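The values are calculated or read from the model by the stated rules, or taken from the named source; none is laboratory data. These numbers were taken from a predicted model, which means no experiment stands behind them. Reconstructed Cβ throughout: ideal geometry from the backbone, glycine too, with neighbour counts over all protein chains shown. When the accessible area is computed, the model is the full protein with side chains, heavy atoms only, and any ligands, DNA or RNA have been set aside. Shrake-Rupley method; radii C 1.70, N 1.55, O 1.52, S 1.80 Å.
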Amino acid sequence: MFSILGEEAMYLDIAETFRKRITALAGEGEKEDKFRKLMSAADVQFRLNGQTEESDFMLTVPDSYTPEDIQLMADVILKALKDFGGPAVTVDKTEQQYRIIISNSHEPEIIGLRKTKGMSSMEVFKPIINGWAAPGRANPSLSRFYDD
């Protein structure tokens, strides 16, 4: 069983447990209240690397967040983790390594429930295919490798 910031969680609930616990541990104050508001709009995902047993918490924030907003989130998270004092992630009472990544980068999803509109598999490869005939390609009339 996983334990996220002192609360037990099943694998499917880890991301939401992390959001709930980190906002609860944030403390009180104007900065922390803003953090809670910022976290409510962030998409929190959990990833586990089974080979290295590292856990990743990926916080994807809206494009409207400024660098100052992201820095505020990082500062409050670091303070909350330091104040917590215990291991952030444990599996069967064994402490695990983890990373928290805050990003506003949105990669297109080709398949799945959140498939990006217009990103069928052919759409993804169109720029590559178009690049084959783009300016800057070899000129056959100047090369001895092309027959006339």
message: For region 45-59: of the residues being assigned to a strand (DSSP E or B) and open to solvent by 60 Å² or more (accessible area, probe 1.4 Å), which is nearest to ASP92 (Cα to Cα)?
response: LEU48
message: Please count how many residues of region 27-44 are under 16 Å from LYS79 (Cα atoms), without any contact (Cβ under 8 Å) to a residue 24 or more places away in the chain and open to solvent by 70 Å² or more (accessible area, probe 1.4 Å).
response: 3
- prompt: Given (1) part of a helix (DSSP H, G or I); (2) more than 12 Å from ARG99 (Cα to Cα); (3) open to solvent by 40 Å² or more (accessible area, probe 1.4 Å), where does LEU78 come up short, assuming only one miss?
  reply: (2)
- prompt: Going by the conditions given, is PHE35 modelled with pLDDT of 90 or more and touching a strand residue (DSSP E or B) at 6+ places or on another chain (Cβ under 6 Å)?
  reply: no
One residue from GLU68, GLU95 being open to solvent by 60 Å² or more (accessible area, probe 1.4 Å) and in contact with a Pro (Cβ under 9 Å, 6 or more places away or on another chain): GLU95
statement: A careful count of residues in region 1-26 that are among the small types (Gly, Ala, Ser) and open to solvent by 30 Å² or more (accessible area, probe 1.4 Å) gives 2
